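Trainee: Before we start, here is the structure in question, set down as C-alpha cells.
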Amino acid sequence: MTPNGEVPFGISGLGWMFIVLVWLPLCAWLLVVIGRRLRGRRWKWLALPVIALVMLAIPLGDDAYIQWRFNRLCRDAGIHIKRTVEVDGFYDDITIALSKPGPVTSPQAVEALERSGFRFIEGRSGRRQGEITHIENTSGTWTVTLLDRPTARYHFRFTRHHEQIGIGMTAYEEVVLDTHTGETVGRFTIYTRYPGWLDGLWLRFFDRTGTQCPPPGKRGDMLTRVVVPKVKP
C-alpha cells in the first residue's frame with residue numbers, strides 16, 4: 001500500500017489463494033521443464049526471467065492496470081462544490097415528478113414540498129417524453145403545471161450514468177448546472193471498478209456492484225449543499 005492508501009492490486013483473498021497455491025507452483029514447474037529443454041542454450045538465463053514475467057502477468061496484469069486507473073480516478077471522486085446558490089427553485093432532471101395538473105392533494109407530497117423550503121420545484125413528467133412538471137406554491141397551495149421546458153436557472157442532472165470508461169471501469173456523475181453561464185457549480189462523481197479476468201471467474205456470480213469510490217457510506221448529498229432555498233424577507 002502506498003502512503004496515501006492506494007493499493008497496487010484489487011484481487012480478492014480467494015484470488016490470491018489461487019495464485020499462491022495453484023498458479024505459482026504451476027509456473028515454477030513449467031520454468032523447470034522449460035529450463036531443462038533449454039539446457040546448453042546461451043540465452044537460457046535471459047529467456048527464463050522473461051517467461052516468468054509473462055506467467056505472472058497472466059493473472060495480475062489486467063487487475064494491476066484496472067487498479068492503477070481506479071486509484072488515479074478516485075482522487076477526483078466524491079463531492080466538489082464551487083459555490084452555494086440561494087434560489088426560489090430548481091429543475092431536477094433525475095427524479096420523475098408529479099405529473100397530474102392541478103392542486104397537489106397528497107398530504108405526504110405537500111409535507112415534502114413544504115419541508116424543502118423552495119417556492120417551486122421542476123422535474124421530468126412521468127406522462128410523456130420532454131414534458132416538464134412545474135410545482136409551485138401559490139397563495140399557500142401547491143399546484144402542478146405542465147410545461148414544454150424548464151424555467152429554473154439551475155439544473156440538477158446526470159452527465160454520466162454508469163458509463164463505461166475503459167477496461168473494468170464505469171463512471172456515474174451528477175451535477176448542478178448554471179444554465180445562464182454554463183458553469184458547473186456542484187459535482188458528485190462515483191467511479192466503480194470491476195474484477196480482472198481471474199476474480200471475474202467467480203465474483204460475477206456473487207458481486208455485481210464492484211468496488212466504488214467514494215464507498216456508499218462516505219458520500220453525502222451534493223444537491224442540498226449547492227442549491228438552498230432563498231431566505232424569505
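The values are calculated or read from the model by the stated rules, or taken from the named source; none is laboratory data. The structure presented is a predicted model; accordingly, all values stated were derived computationally and were not measured. Virtual Cβ from ideal backbone geometry, glycine too; neighbours counted across all protein chains shown. For accessibility, only protein heavy atoms count, side chains too; no ligands or nucleic acids. Shrake-Rupley method; radii C 1.70, N 1.55, O 1.52, S 1.80 Å.
Trainee: Do you know which of the residues in the range 1-56 that are touching an Asp or Glu at 6+ places or on another chain (Cβ under 7 Å) and among the hydrophobic types (A, V, I, L, M, F, W, C) is nearest to Gly196 (Cα to Cα)?
Mentor: Among them, the one singled out is Ile11.
Trainee: Cβ-Cβ distance below 6 Å, separation of 6 or more or different chains: which pairs start in the range 139-167 with a residue that is touching a residue at least 40 places away in the same chain (Cβ under 8 Å) and end on one that is open to solvent by 70 Å² or more (accessible area, probe 1.4 Å) and assigned to a strand (DSSP E or B)?
Mentor: Listed by first residue and then by second, the contacts come to Thr143/Pro103.
Trainee: Condition first: out of contact with any strand residue (DSSP E or B) (no Cβ under 8 Å at 6 or more places or on another chain) and open to solvent by less than 70 Å² (accessible area, probe 1.4 Å). Now tell me which residues in the range 165-189 satisfy that.
Mentor: Residues satisfying the conditions are Gly166, Gly182.
Trainee: Among the residues of the range 93-134 satisfying the criterion of being open to solvent by 20 Å² or more (accessible area, probe 1.4 Å) and acidic (Asp, Glu), which is nearest to Glu173 (Cα to Cα)?
Mentor: Checked the range 93-134; the qualifying residue nearest to Glu173 (Cα to Cα) is Asp93.
Trainee: Would you say Leu38 is farther than 30 Å from Pro229 by Cβ and modelled with pLDDT of 90 or more?
Mentor: no
Trainee: Taking the criterion of being assigned to a strand (DSSP E or B), aliphatic (A, V, I, L, M) and surrounded by fewer than 18 Cβ atoms within 10 Å (Cβ to Cβ), would at least one residue in the range 219-228 satisfy it?
Mentor: Yes, that holds for at least one residue.
Trainee: Going by what's in this entry, would Leu21 be described as over 27 Å from Gly200 (Cα atoms), aliphatic (A, V, I, L, M) and in a helix (DSSP H, G or I)?
Mentor: no
Trainee: What number of residues within the range 72-97 satisfy the criterion of being outside any strand (DSSP E or B) and touching a His at 6+ places or on another chain (Cβ under 9 Å)?
Mentor: Adding up the residues that qualify gives 0.
Trainee: Of all residues in the range 200-217, which are open to solvent by 60 Å² or more (accessible area, probe 1.4 Å) and touching a residue at least 40 places away in the same chain (Cβ under 8 Å)?
Mentor: Thr211
Trainee: If His162 meets every condition in (1) over 18 Å from Asp221 (Cα atoms); (2) open to solvent by less than 30 Å² (accessible area, probe 1.4 Å); (3) of a type outside the set (A, V, I, L, M, F, W, C); (4) within 22 Å of the chain's Cα centre (by Cα) apart from one, which number is that one?
Mentor: (2)
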